[in-house]
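Taken together, the values in this text are just the output of simple stated rules run on the coordinates, not laboratory data. Computed from a predicted structure; not experimentally measured. Cβ coordinates were reconstructed from backbone atoms using ideal geometry, including for glycine residues, and neighbour counts include every protein chain displayed.
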């Protein structure tokens, strides 16, 4: 039983590496290139740690960090949908739901 769980966890770890290949519209601060979704999630998680002093009382920072680190994993299958992409946003929820079923 544990070996099967470990195998699934390792497969998941290998699969989420693909998030590094999902390019976003956002440029890095220095303007040198577009960021990928893995960098985006990492940066948000580190920002949460750095700014935790400004969070409302009772915020579970560990839970928030976990959510920030996984919130874009569905983009591995669904891709990143730019907020101004009207057509892409019509199917975004369905594409992301299908990706979540496969990934999680």
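Each of 91, 37, 32 was scored by other Cβ atoms within 10 Å of its Cβ. Listed from fewest to most, they are 32, 91, 37. Just checking the listed ones, 20, 92, 66: in the Gaussian network model of the chain with Cα springs under 10 Å, the one fluctuating most is 66. Between residue 32 and residue 3, what is the FRET efficiency for a Förster distance of 30 Å, r being their Cβ-Cβ separation, to the nearest 0.05? Step by step, r from the Cβ atoms, then E = 0.10.
Report note on the peptides 94-100, 70-76: ranked by the mean count of other C-beta atoms within 10 Å, highest first, their order is 70-76, 94-100. Taking label positions 7 Å along the Cα-Cβ direction at both residue 91 and residue 21, the computed distance is 1.9 nm, reported to one decimal.
Here the range 1-28 is scanned for amide nitrogen atoms under 20 Å from the site 7 Å beyond the Cα of residue 69 along Cα-to-Cβ, giving 5-22. For the chain, taking Cα atoms only, Rg and Dmax work out to 15.8, 48 Å respectively. Between residue 83 and residue 13, full extension at 0.36 nm per residue minus the direct alpha carbon distance yields a gain of 22.4 nm.
The alpha carbon centroids of the range 1-43 and the range 55-104 are separated by 12 Å.
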